[in-house]
Amino acid sequence: MSENRVNLSWAPPGPVAAAFMADRSPISGINGPVGSGKTTAAIMKAIRIGQAQRPSINIFAPGPGGGAPWPVRQFKVCVVRDTYRQLTRSTIPSWNTRFPKTLGTWVGAENAPSTHRIPFYLPDRTILELQVDFVAIGDQSVEEVLRGYEVTMFYLNELDMMSQEVFTYSVGRTGRFPPMEQGGPSWHGILYDCNAPELDSWLYEDFFLATPAELRARGIALFRQPGGMDPKAENLPNLPGGREYYERQVAANSNNPGYSSRMVHNKPGFSRSGMPVYGEFNDLLHVRADDHPGVRPLRLVVGLDAGMQPAALFMQRLPSGKVLWLSELCAEPGTGPRRFGEMLAQKLRERFPDWTGGIVGCCDPSALYGADKTAGEQDWSQIVAAQAGIRIYPAPTNNPIARWEAVRRPLTMLIDGEPAFQLNPECRVVRAGFNSGYRFRRIAGTAARFNTEQAEKTAPSHVHDAGQYANSYAGEDSEIRTRRGADAAQAARLPAQSPEWDPYASVGG
């Protein structure tokens, strides 16, 4: 065994990377923009976990220079990538930057599995016997590639590029080395890193939409770094030109905003979807870590979108000016007003029982028309109101630009050092819409031009319309109209001037 002297000292490139390094969850990962130091952080974390592995029972090796035997810490890692092309062009070079092939024993070839065995002599007079296997899934099945691997840990590099089967199969293969008769592993599990995933990916659904508490219950931790243009961006000193590294990418990809969104700004996204209506939305900033229950003494505003796929958004505007989007209700296509009203009533009973501040609904003004009132017919809003047991009023406007501004305004503000707009993580459809599911319609025949006066009808668009009505009714639209010099006569006709308007009143709904 040759002596290997490697400087293992390394400083994390920022506080998020440092938190990732310190975490010992069974499954832990780091997400960030390109160039944020994710891969190096995962590599160094693997080494440090290996250094803490308990020495194996009755296994010794000669110390430096062939001296007295030292106890051996056995640790085996399997590094997995989506293709051998990416493994040989990206992952292995990152590894070899810190641990060149001349250290220990390297066996492998391009487009084939490789193994690096390195013995490290540690200051406590023990030896870390490290084995790192590099494999790629390619066109084979996950089972074909990973069958027979008995490892301490998997490192899934660029997990956003892999199928869910890779993750699922890896979970069941960790902790099999060293064998239990030699003492077993002190820790075993999975490390992963990823760029911001696309909205229709399993990773976004399973990891990014889950709350930290939900992830912890599954033994998973996810550490998300700020975007490259964020003032708190990590690893800038190690990038060519610092922040210019990201500025150049944004400029070079001005016709491909999806790339910049995911790879620079670290927003889950829309690389293939289009241009989001709310470019101001920041998933890391505006989504709360946990679900806010709402402020019971204050009125709850329920925004409603009519039609054959109705939706509801439950929100409050606090006296401080903060806007809380608390919960959502999304019906399936073909749901009529009576059934939707019943669904709304059940949602209110379960999520907002005995609400002391009162509840009021608001909807698209057009939902109040279309019925023959003379013949005793009820319009959509009346049917829903009767079933749900709440009063429903028309929103101040149905103008889409005005409605978007009613949401955009709090998105761009801070109040008492916190975002003025806060979204509960339980609002999963809304969140997907903010990240790009709710987007401008692409102009036919173009690749990167969008009609910024018309949103595309997508699954999240209905509940987003409901949220716009709610924000408008709760005061945001009123403030915009006042700022733009709306005449007093027009303002007097808005529901904002009626007693039912007051979002802070403590009267019954």
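The values are calculated or read from the model by the stated rules, or taken from the named source; none is laboratory data. Keep in mind that what you see is a predicted model, and the values were worked out from it rather than measured. Here the Cβ positions follow ideal geometry from the backbone for every residue, glycine too, while neighbour counts run over all protein chains shown.
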Anything in the range 295-309 that is in a loop (DSSP other than H, G, I, E, B), in contact with a strand residue (DSSP E or B) (Cβ under 7 Å, 6 or more places away or on another chain) and under 15 Å from M343 (Cβ atoms)? List them, or say none.
A306
Which residue pairs have Cβ atoms under 8 Å apart, sit 6 or more places apart or on different chains, and have a first residue in the range 220-235 that is under 18 Å from Q249 (Cβ atoms) and in contact (Cβ under 8 Å) with a residue 60 or more places away in the chain and a second that is of a type in the set (D, E) and crowded, with 20+ Cβ neighbours inside 10 Å?
Q225/E234; P226/E234
For the range 264-280, pairs from a residue that is assigned by TED's automatic domain parsing to the domain that holds L203 and in a strand (DSSP E or B) to a residue that is modelled with pLDDT of 70 or more and surrounded by fewer than 20 Cβ atoms within 10 Å (Cβ to Cβ), with Cβ under 6 Å and 6 or more apart or across chains, are none
Scanning the range 125-159 for residues that are of a type in the set (D, E) and either under 30 Å from G63 (Cβ atoms) or buried (at least 18 other Cβ atoms within 10 Å of the Cβ) (or both) gives E129, D133, E150, E158
With the requirement that a residue be in contact with a Gly (Cβ under 7 Å, 6 or more places away or on another chain) and either hydrophobic (A, V, I, L, M, F, W, C) or surrounded by fewer than 24 Cβ atoms within 10 Å (Cβ to Cβ) (or both), what does the range 303-314 give you?
L304, M308, A312, L313
So which residues in the range 228-261 are within 17 Å of A196 (Cα to Cα), in contact with a helix residue (DSSP H, G or I) (Cβ under 7 Å, 6 or more places away or on another chain), part of a loop (DSSP other than H, G, I, E, B) and of a type in the set (A, V, I, L, M), if there are any at all?
M229
Filter the range 172-220 down to the residues that are surrounded by fewer than 17 Cβ atoms within 10 Å (Cβ to Cβ) and of a type in the set (A, V, I, L, M) and list them by number.
M180, A213, A217
Failed item in (1) under 18 Å from R428 (Cβ atoms); (2) outside any strand (DSSP E or B); (3) modelled with pLDDT of 90 or more, with M315 passing the rest
(2)
Some residue of the range 380-399 being under 19 Å from P460 (Cβ atoms) and modelled with pLDDT of 90 or more:
yes
All but one of (1) farther than 28 Å from D230 by Cβ; (2) within 36 Å of the chain's Cα centre (by Cα); (3) not in a strand (DSSP E or B) hold for K45; state the number of the condition that does not hold.
(1)
If you check Y169 against the conditions, is it among the aromatic types (F, W, Y), at pLDDT 90 or above and touching a helix residue (DSSP H, G or I) at 6+ places or on another chain (Cβ under 7 Å)?
yes
Within the range 311-318, is even one residue assigned by TED's automatic domain parsing to the domain that holds P394, of a type outside the set (D, E) and free of Cβ contacts under 8 Å to residues at least 24 places away in the same chain?
yes
Which of the numbered conditions does A213 fail, given that it passes all the others? Conditions: (1) hydrophobic (A, V, I, L, M, F, W, C); (2) in a helix (DSSP H, G or I); (3) under 22 Å from G437 (Cα atoms).
(3)
